[in-house]
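Okay, structure first, notes after.
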């Protein structure tokens, strides 16, 4: 039994065939489509019927590139958390399995399907976003908070423990550097998520976004606090440093897991 979804209003119904009309919005049966999970199961069944003489099938997550070997795609991607509908069946060459003849697959795509190339004069914003992806600006820029934050926390702990004003000032200056770098880090991360990972809202990306918000909030509060109070300190002051460090560290760990996970 399949699950059918109305493409107009989102109404769902389980049956062998779509209903004649949508009970919610009145759309005809042609406007119903099978659920994504059912499509993945149908693809898996087709692969099984084709035979398993060449070994287990290979499935690629279209979100993060994770490769899974097995008769069926996993329920969720172990790297990015995308569900099984995000997996596509691969052929022996590592390409997406297709019913098209080999000569057609090797032909250059039409101009409308080619990857767009933007000129800086006519499309400055699009060109800049393209350069962010080409030159891996997010993995580079994220080293600033992940490298400077631990130093700032170390300095503020030493300064608070020994009442050393020099270390407290050094912690403030390092935190200011993190504060200035965060807009670049967050924007390049947004571009990576939107374009490279297709705006997938999985548990991994939700956690990374939450960590970025927490880090930005704590760093902003700390910089403003210290800017208006030279004797800033105390339990909550140090706690904000530790929370910012933990959130930035977790975001970096998840990013490393996403980038250096199992790939083809």
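Every read-out reported here was derived from the displayed coordinates using simple, explicitly stated rules and does not represent laboratory data. None of these values were measured; they are calculated from a predicted model. Cβ sites come from the backbone with ideal geometry, for glycine too, and all protein chains shown count toward neighbours.
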Check: Of the peptides 131-139, 174-182, how do they stack up when ordered by the mean number of other Cβ atoms within 10 Å, highest first?
Finding: 174-182, 131-139
Notebook entry, point to check: How far, in nm, would the chain grow between residue 13 and residue 158 when pulled straight, counting 0.36 nm per residue and subtracting the alpha carbon separation?
Noted result: 45.9 nm
Note to self: If I model a spin label as a point 7 Å beyond the Cα along the Cα-Cβ vector, how far apart are those points for residue 187 and residue 224 in nm?
What the structure shows: 2.1
Check: Could you give the length gained on full extension between residue 236 and residue 29, defined as 0.36 nm per residue of separation minus the Cα-Cα distance, in nm?
Finding: 68.5 nm
Next item on the list: Express in whole angstrom the spacing between the alpha-carbon centres of the range 153-178 and the range 62-93.
Entry: 46
Next item on the list: Rounded to the nearest 0.05, what FRET efficiency do residue 196 and residue 3 give with R0 = 22 Å and r taken as the Cβ-Cβ distance? Could you check?
Entry: 0.15
Check: How do 227-237, 186-196 rank on mean C-beta neighbours within 10 Å, highest first?
Finding: 186-196, 227-237
